[in-house]
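Enquirer: Have a look at this one.
Values quoted throughout were computed directly from the atomic coordinates according to the rules given, and no laboratory measurement underlies them. Model, not experiment: these values are computed from the prediction. Glycine also receives a Cβ, built like all others from the backbone with ideal geometry; neighbour counts cover every protein chain displayed.
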Amino acid sequence: MRKRVFGSIFLTALVTLLVTVSLLLAAVHVGLTHDLRDRLREECGYIAAASAEGGAQEFQRIGRVYADRITVVAADGTVLYDNQSDAASMENHAARPEIASALETGVGESSRLSDTLAEQTYYYAIRLDDGSVLRVSSIADSAFGALSAASPWIVLIVLLALLVAALLASWLTHVFLAPIVALDLHEPLKNDAYDELSPLLHRMDKQNRRIAAQLRELERRQAEFDDITARMDEGLVLFSAGGEIVFANRAVRALFPKDGAAGGYLTLCRDPEYIRVVEAALHGEGAHGRMERDGRVYALSANTVEGTGQGHAAVLLVVDITERDQAERQRQEFTANVSHELKTPLTSIMGYAEIVENGIARPEDVSRFAGKIRSEAVRLLTLIEDIIRLSRLDEGGSPTLEPVELLALCGTVRDRLAHKAAAQHITLTVLGAPVTVSGEHATLEQMVFNLADNAITYNRPQGSVTLETGTEHDAPFVRVADTGIGIAPADQQRVFERFYRVDKSHSRASGGTGLGLSIVKHGAALHHAAIDLQSTPGEGTTVTLRFPKAE
Ligand code: ADP
């Protein structure tokens, strides 16, 4: 802009200057020519008048002293006299415009440029009384001649004019542009430059405000996105079409701490499955995979975001499916175990029934076999009941909560197990303070029943079982302690697994299903209760269920 403004002003100044100078020169030239003509006309008149009195000798007398040229031409165009040339050698002048005009009208004038154009000759002719024509002429510099004569000066003047024009243009450019250069574009309306800029500044202000609003909105959305992705448990990674990691959320950075989360997709993880899934998405095909890392299982799901000429941007979701995976495996194991566990009593029942049916059994044994069939059927029923309980707990869902008083509940359990305890000579005691928790009565009773039942089953003769309730640090608890065989440390976690038994035959013989503690574990989870198992082989076991503090 500065260059353009400077150029425009400079050119305007220069053109104005040159036009003015040219017009001035032309005006001076025209004035001078005009004077010359007047002079020639006057002098021609004098010479004619003198020659009328003095005759042809007068021409020669005047011609000798006269600075300009005098020519006398006969009516037929023959040159009779010339004060600067030999008249005899001169060609016929009848065709010269000034002579022809003078012969015809009495006066004539003309001007002719020299061959070099540097000089211009002015002619003035009048017809004399004798019919001949007197012509005076004078040579003056032509306009071109005058210009070329003055050319060094002209060059100097033009150079000076150029300098002045340049200085003037530079100063004007500065003065003109200074307010524009000083514009505060952040606050356009505070500027006081040119009125003509006002619409532009208003528009700029409007756009500034719009851009600021859009920026705020963008920042808000970015913060929202960051907030959401930071809270996500799932790992989220965005890849550019070139495979560069554009974004990785907190979960991903926690998952791949050593590898870092900047640069290409290979810098994040080198797992073959991860590489396969990401590369597939970068090539435009969504892919899923599974990856194990630090003992945990992750599901990988990569999708193409957009396709361009150079490739595809992709998004990868990493979900920790360890629990889901374990649950799935447990379910499969459980189904296999259930089938096996159901088969055992049924095979026994079929065996005894066949013996009785075929009449192989002695009459006195029939009732014993019927008893066996019954006890196996009871076992089957217990097993099915436990399975139903467990799958109900497995389904989750929200429990129907009610206030349950634990001391009374322990009393009920004691009553239900009194017979079994007495049969094994085991003392069953309930003690502690009444405490109420919010829960499902039937499930809680089943849990305490299972614990107490185990405490009796895996006890020693003359042993004891104590059911205790109360609060510790404001948290309700129920504790079942026995003086039984105890559980080896290696088995202490596993006993809560489905169908896990330390001693299979002992458990079976005592009617155990291997599901009792699983039910306790699921029931505890349902009630947000923690299970604490303390056991010393040969001394006894204490299981405590700690419930959350009452609100
Ligand atoms: P089961 O029906 O076999 O008793 P559980 O799930 O209730 O199944 O218990 C799993 C295993 O844990 C039992 O088979 C037993 O070996 C062991 N166990 C449970 N409770 C006790 C206890 N109080 N004392 C010793 N061992 C126990």
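Enquirer: May I ask you to compute the full-extension gain from Leu431 to Ser89, defined as 0.36 nm times their residue separation minus their alpha-carbon distance, rounded to one decimal in nm?
Expert: Values: separation 342, 0.36 × 342 = 123.12 nm, distance 16.71 nm.
Between Leu431 and Ser89, full extension yields an extra 106.4 nm.
Enquirer: So what is the 222 nm mean residue ellipticity for the chain from helices alone, if each DSSP H run of at least 4 adds -39500 (n - 2.57) and you divide by all residues, rounding to the nearest 500 deg cm²/dmol? Before the final figure, lay out each step's value.
Expert: Values: 14 runs with 281 residues, N = 551.
Value at 222 nm, helices only: -17500 deg cm²/dmol.
Enquirer: Assuming R0 = 45 Å, can you tell me the calculated FRET efficiency for the pair Leu25 and His186, based on Cβ-Cβ distance, to the nearest 0.05? Don't skip to the end; give the middle numbers.
Expert: Numbers: r = 55 Å, r/R0 = 1.22.
The value I calculate is 0.25.
Enquirer: So which helices of the chain fit the span-like rule, where a helix is a whole DSSP H run, its Cα atoms reach 24 Å or more along the axis, and its mean Kyte-Doolittle is at least 1.6? Could the numbers behind the result be given before it?
Expert: Details: long enough: 2-54 (77 Å, 0.65); 151-181 (42 Å, 2.26); 198-231 (49 Å, -1.19); 322-357 (51 Å, -0.88); 363-394 (46 Å, -0.02); 406-423 (25 Å, 0.57).
Sorted by number, the helices that extend far enough and score high enough are 151-181.
Enquirer: Which of the lysines could be linked to Lys372 by a straight reach, that is with a Cα gap under 18 Å, when you skip same-chain ones fewer than 8 residues away?
Expert: Lys343
Enquirer: Another question, if that's okay. Taking the Kirkwood radius as the inverse of the mean 1/r across Cα pairs, report the Rg/Rh of the range 1-118. Let's see the in-between values first.
Expert: Details: Rg = 22.8 Å, Rh = 18.0 Å.
Dividing the radius of gyration by the Kirkwood radius yields 1.27.
Enquirer: Same structure, new question: Going by average Cβ neighbours within 10 Å, how do the peptides 80-90, 270-280 rank, with the highest at the top? Don't jump to the answer; show the numbers that get you there.
Expert: Values: 80-90: 13.7, 270-280: 17.2.
By packing density, highest mean first, the sequence is 270-280, 80-90.
Enquirer: What is the sum of charges, Lys and Arg at +1 and Asp and Glu at -1, for the other residues whose Cβ falls under 9 Å from the Cβ of Thr469? Walk me through the intermediate numbers first.
Expert: Values: positive: Arg479; negative: Glu405, Glu468.
Net of charged neighbours comes to -1.
Enquirer: I've got another one for you. Residue separation times 0.36 nm, minus the C-alpha to C-alpha distance between Gln534 and Glu119: what's the value? Walk me through the numbers on the way to the answer.
Expert: Details: separation 415, 0.36 × 415 = 149.40 nm, distance 13.50 nm.
Between Gln534 and Glu119, full extension yields an extra 135.9 nm.
Enquirer: So, one more: How big is the dipole moment of the chain about its Cα centre under a simple scheme where the beta carbon of each Lys and Arg is +1, that of each Asp and Glu is -1, and everything else is neutral? Debye, nearest 20, please.
Expert: Working: 54 positive and 72 negative charges, 490 e Å.
The dipole magnitude comes to about 2360 debye.
Enquirer: Taking R0 as 35 Å, what FRET efficiency do you get between Leu401 and Ala422 from their Cβ-Cβ distance, rounded to the nearest 0.05? Spell out each step's value before the answer.
Expert: Numbers: r = 35 Å, r/R0 = 0.99.
Calculated value: 0.50.
Enquirer: How far is the Cα center of the range 327-364 from the Cα center of the range 179-194, in Å?
Expert: Centre-to-centre distance over Cα atoms comes out at 96 Å.
Enquirer: Which of the peptides 322-335, 476-489, 529-542 is most tightly packed, and how do the rest follow, judged by the mean count of other Cβ atoms within 10 Å per residue?
Expert: Working: 322-335: 12.6, 476-489: 20.9, 529-542: 16.5.
Final packing ranking: 476-489, 529-542, 322-335.
Enquirer: Where Lys and Arg each count +1 and Asp and Glu each count -1, what net charge lies around Ser138 among other residues with Cβ under 15 Å from its Cβ?
Expert: On the way: positive: Arg37, Arg39, Arg41, Arg69, Arg112, Arg135; negative: Asp35, Asp38, Glu42, Glu43, Asp68, Asp82, Glu98, Glu109, Glu119, Asp141.
Around Ser138, the surrounding residues sum to -4.
Enquirer: Sort the following peptides by mean Cβ neighbour count (other Cβ atoms within 10 Å, averaged over residues), highest first: 224-230, 377-383.
Expert: Details: 224-230: 12.1, 377-383: 15.9.
Result, highest mean first: 377-383, 224-230.
Enquirer: Still on this structure, please answer the following. Rg over Rh of the chain, using C-alpha atoms and the Kirkwood radius, what does it come to?
Expert: Values: Rg = 63.3 Å, Rh = 37.5 Å.
Radius of gyration over Kirkwood radius for the chain works out to 1.69.
Enquirer: For Cα pairs less than 8 Å apart in space and 6+ apart in sequence, what is the mean separation divided by the residue count of the range 114-158, i.e. the relative contact order in percent?
Expert: Values: 46 pairs, mean separation 16.4, N = 45.
For the range 114-158, the relative contact order is 36 percent.
Enquirer: Could I ask something else about it? If you average the sequence gap of Cα pairs under 8 Å that are 6 or more apart and divide by the length of the chain, what percent do you get for the contact order? Before the final figure, lay out each step's value.
Expert: Working: 815 pairs, mean separation 36.8, N = 551.
Reported as a whole number, the value is 7 percent.
Enquirer: Return the lysines within reach of Lys190: Cα separation strictly under 20 angstrom, same-chain partners fewer than 8 residues apart disregarded; answer none if there are no such residues.
Expert: Output for Lys190: Lys206.
Enquirer: Let me ask something else about it. Have a look at Val480, Ala529, Val502 and report the one farthest towards the positive end of the charge dipole of the range 413-542, computed about the Cα centre with Cβ charges (Lys/Arg +1, Asp/Glu -1).
Expert: Val502
Enquirer: From the alpha carbon gyration tensor of the range 66-218, can you work out the equivalent ellipsoid semi-axes (sqrt of 5 times each eigenvalue) and give them in Å, largest to smallest? Each step should come with its number before you reach the end.
Expert: Working: eigenvalues 1193, 67, 26 Å².
One finds semi-axes of 77, 18, 11 Å for the range 66-218.
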